[in-house]
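Structure, as structure tokens:
Taken together, the values in this text are just the output of simple stated rules run on the coordinates, not laboratory data. The structure displayed is predicted, hence computed values, not measured ones. Using ideal geometry, Cβ is built from the backbone for each residue, glycine included, and neighbour counts are taken over all protein chains shown.
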Amino acid sequence: GGSDTKEHLQGLSGEQQASVAAPLGTSLVVAGPGSGKTRVLISRILHLVQAHDVAPHSIAAITFTNKAAREMRERLEHALGPEAAAQPFIGTFHGLGLSMLRQASSQLPAGCRVRPGFSVADGDAATAMMQRLVKSTAGIDIRQSGARTSAEQKRTVAKQARIILSAISRMKNSVPGYAALKGEQAMLRELMQRRGTELTMQNKIMAREMGWWYEMYRDSLAQSNAADFDDLLSLTVTLLQESEAARCALSRRFHHILVDEFQDTNATQYELVKLLAPVDSLQKGRRSLFLVGDPDQAIYGWRGAIPEQLGERLRTDYPDLKVLTLRDNYRSSSTILAAARAVLGPQSRRLRPMLPHGPALRLHSVLGPTEEGELVARQIRRLQARHGVPLSEVAVLVRTHAQTRAIEEALVRHRIRYIVLGGRTFWQRKEVQDVLAYLRLALAPWDGVALRRIINVPKRGLGPATLAKLEAAGEGSIARALFPPAWPLEGGVEGTVAPTLPLLDRGALGLSAATAKKVEAFRALALGLAAALRSMPLHDALAHIVEATGYLDGAKDAAAEDNDEAVADSKDGRAVGATAEDLPSASSTGEAKEEETAVTLRRRLGQLVEVARLAGEAGAPGLPVADLGLEVESGRDERLEGVRAFLDSCALDAAPDGGEAAARRDSVRVSTMHAAKGLEYAAVFVPGCVEGQIPSPPRENDGGAALREERRLMYVSLTRAKQHLTLLSFLLPSRFIKELEDSGCVLERTEHEDSERRAPHRSHRAAARYQRSRRLNRPEESSSPSVLVADIGGTNARFQVWQLDDVLRPSRLILEKFLPTKD
Ligand code: ATP
Ligand code: MG
């Protein structure tokens, strides 16, 4: 091309230009944080369009989060104009998978049991489903496991469900394709045994029955015609492996595949890459595969990511692979880079800082989480006042969700606006989920997940006993019992609704006259909603749902008691596990403390209606669920497809969020370290740099792999900062802090006045003192202390713990680590 086609190379370094302009075929850019990998990837798209005359339509760029996808599209819009920028597929692996399945699910082998019009069960729905399975099928075992109180039983159920789900998830993410769907018991058993320590605590029966659990779970999904998040990947792989037609359609559509954050792809995603860009097609000519990544930033090993794919594996699969590298860092001050490198160790990739020295690293030692939150808030105010750092350029990065509470409380006290990234988003709010469940039900009454969620919300007297009767009558499916003849439960005919439903046979169902009346009222309601959805625009239908269900009247009392319950169960303060956080998600509001009043409910549901209205106007509901033009399926009802697409983007957290995030544009970001990947901020705070938190407690027999991953996680966290970096610790400072101190990085240190020089053998005293201070600070909580009994040096020491989750981790750590030391 001429000089006008070189725009995309402007402002890039020589190395970066070389990467952007690498010939077609397979390229891999391996480079450290802040070296411009993502920027290069975006320029590469422009390069393809401008220098190679590639049709934007034939490009697929895969990002790690929907947020990254949105940013990428914005930047493309800037360069290419809105029309051309809308054509490439830009989204996550999950978004791509869902788009493909939507358009070709009829091509799936029968064994997959997912039919056209399927719904997506998000993390909460999957958890609820698994908990129900555990409860109903293992009830006896749970009682036998020694759990006495109902709270204890509930915890046991939640824990079992979590273990089983994460084993299933690991399997789906590590055995690509059809094999994964056959419920291979041996594989599952092996996976479960690797987590054996946790299992034996509760119940060994579960381990032996894993294959059975898998099938129960799969059946339960199939009954609702639902796919979970992992299915979006594994079913897509299956689809492409099994269907020639789908493969051809896909290869007609996409000629150029680009993947950001490649180091964190798991086996199933890698398989998908190979299916998207088969090596023989690349060798033939005008096609390309462009991958960027950094093995030093691989932090999703716990979710099955295999960073090794960056190396030999890729070279074997793509013999023509060209490896490029970038050596300059444009993001961080040299001070920050030196610190980050000290944590990762000398083997880490060396980066040339392009920025000069910055402010010194700050290291604060405090008494505990409360003081920590307070200090963070004050420091944020200081940065704002003294350095003019806007709130949106400040991030607080935590290792676990449990840490956010103290931080949020402090930010609220100081009236600092904040949002929680990767936290409970607009789309995961109870009321939003409830109304969407009604929508799903109106669209497809066999959606048992949705049906169960709202059949008694608001309360209409359809309790567990009634549901059990209906379930028995429908052979495990309430939907089948309620809507037998009128709606086809097996086919995919969504467009038809019977005008009336024949009454149920209440005698056969064993229902009393009063209950039967309530059931009939619910059926009539469902029928009415289905009809409404087919006769009015989506946003009107949503408003109608809120109205017709009496949701706001009923929600007031219910909101207080069970809001966020499912998630609370799955986030018991451990390192992030396979829960809602798994799916990279968009930003969300962090009003954890907001009162769930009828006013807020009404406001949020109003926002939901508004989002739907705007989506309808734009004609494009969710960004990453795209029409791939595969043309494998036909004869679908277009308007209902639009509703489906709207629900899809909500499920993927990819839809705009009712303006909540926009309203908080000038807000501090509170985020887990994992969710901060790829992002950058002028100022970064890392609270809770405490042994047992970062790094989290070591697992046995993993040869130090977990610790290495924790190291990389710390490295990722520190390299998010451009200028200001503050680390906070208490009790037992993380070994990473020690390493920073030893490395001679420029440090500015403060110690809490009360804290004495810590030596490990004194730490339990510090813990006791800390707990005393908590008691003084929070007299209102002193009425019900928990007592922790620990065997220290042969004596039974008793710790009284007022805020168990605050102190348990460090206390436990002290017990684990320092027992041998006599004091
Ligand atoms: P990470 O590994 O953390 O995802 P990355 O390698 O993707 O980092 P980018 O986010 O692309 O890095 O770039 C880091 C920052 O450096 C961005 O603000 C980007 O705009 C800036 N940058 C990249 N290249 C240049 C350049 N040649 N000149 C000036 N700034 C640059
Ligand atoms: Mg990046």
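What net charge do the residues around Arg352 carry, taking every other residue with its C-beta under 13 Å from that of Arg352, with Lys and Arg at +1 and Asp and Glu at -1? Intermediate results must be reported in sequence, preceding the final value.
On the way: positive: Arg327, Arg331, Arg341, Arg349, Arg350; negative: Glu15, Asp328.
Net charge around Arg352: +3.
With charges only on Cβ, +1 for K and R and -1 for D and E, what is the dipole size of segment 55-113 about its Cα centre, in debye, rounded to 20?
Charge dipole of segment 55-113: 260 debye, to the nearest 20.
Please order Lys67, Lys159, Lys459 by the number of other Cβ within 10 Å, starting at the fewest. Intermediate results must be reported in sequence, preceding the final value.
Working: Lys67 22, Lys159 19, Lys459 10.
In increasing order of surrounding Cβ atoms, one gets Lys459, Lys159, Lys67.
With a Förster radius of 25 Å, plug the Cβ-Cβ distance of Leu503 and Lys459 into 1/(1 + (r/R0)^6) and report the FRET value to the nearest 0.05.
The calculated FRET efficiency here is 0.60.
Can you sort Ser667, Ser13 by how many other beta carbons sit within 10 Å, fewest first?
Ser13, Ser667
Using the Cβ atoms and a cut-off under 13 Å, what net charge is assigned to the surroundings of Gln379, where Lys and Arg are +1 and Asp and Glu are -1?
+1
Can you list residues whose amide H is under 5 Å from Ala682's amide H, if they're 5+ apart or on another chain and H is modeled 1.01 Å from N?
Lys722
Return the distance in nm (one decimal) between the two label points of a simple spin-label model at Ala360 and Ala21, each offset 7 Å from Cα along Cα→Cβ.
Distance between the two pseudo-spin positions: 4.6 nm.
Ordered by residue, what ³J(HN,Hα) values in Hz, to whole numbers, does segment 236-247 give under the Karplus form 6.51 cos²θ - 1.76 cosθ + 1.60, where θ = phi - 60° and Gly and Pro are x?
Once rounded to whole Hz, the list reads 5, 4, 4, 3, 6, 5, 8, 10, 4, 4, 5, 4.
Label points 7 Å out from Cα along the Cβ direction at Ala472 and Ser136: separation in nm?
Computed distance between label sites Ala472 and Ser136 equals 1.3 nm.
Tell me, how many Å apart are the Cα centres for segment 39-105 and for segment 106-122?
First find each Cα centre; the distance between them is then 26 Å.
Is there a pair in Lys154/Lys430; Lys159/Lys738; Lys172/Lys518; Lys37/Lys430; Lys37/Lys284; Lys6/Lys322 whose C-alpha atoms are over 29 Å apart, and which pairs would that be? Don't jump to the answer; show the numbers that get you there.
On the way: Lys154/Lys430 20 Å; Lys159/Lys738 35 Å; Lys172/Lys518 41 Å; Lys37/Lys430 38 Å; Lys37/Lys284 27 Å; Lys6/Lys322 22 Å.
Distance filter (> 29 Å) returns Lys159/Lys738; Lys172/Lys518; Lys37/Lys430.
Counting Lys and Arg as +1 and Asp and Glu as -1, what is the net charge of the other residues whose Cβ lies under 12 Å from the Cβ of Ala682?
Here the charged neighbours net out to +2.
By average Cβ neighbour count within 10 Å, what is the ranking of 357-368, 241-252 from highest down?
Ranking, from highest mean packing down: 357-368, 241-252.
Can you list residues whose amide H is under 5 Å from Val668's amide H, if they're 5+ apart or on another chain and H is modeled 1.01 Å from N?
Residues meeting the amide H criterion: Arg417, Tyr418, Ile419.
Tell me, what is the FRET efficiency for Glu7 and Glu547 to the nearest 0.05, using R0 = 56 angstrom and their Cβ-Cβ distance as r?
My answer for the efficiency is 0.60.
Quick one: Karplus J couplings for segment 314-322, per residue in order, coefficients 6.51, -1.76, 1.60, θ = phi - 60°, nearest Hz, x for Gly and Pro?
5, 5, 5, 6, 10, x, 8, 3, 9
Order by neighbour count: Asp328, Asp320, fewest other Cβ atoms within 10 Å first, most last. Don't skip to the answer; put the middle values down first.
Values: Asp328 18, Asp320 13.
Exposure proxy ranking, most exposed first: Asp320, Asp328.
Give me a comma-separated list of calculated 3J(HN,Hα) values for segment 215-225, in order, Karplus coefficients 6.51, -1.76, 1.60 applied at θ = phi - 60°, integers in Hz, x for any Gly or Pro.
Whole-Hz 3J(HN,Hα) from phi for segment 215-225: 5, 4, 5, 5, 4, 5, 5, 4, 4, 8, 6.
For segment 260-380, give the magnitude of the charge dipole about the Cα centre (Cβ charges: +1 Lys/Arg, -1 Asp/Glu; no others), in debye to the nearest 20.
520
Name the long-range amide H neighbours of Val398: under 5 Å, sequence gap of 5 or more, or other chain; modelled H, no Pro or chain starts.
Correct list: Ser671, Thr672, Met673.
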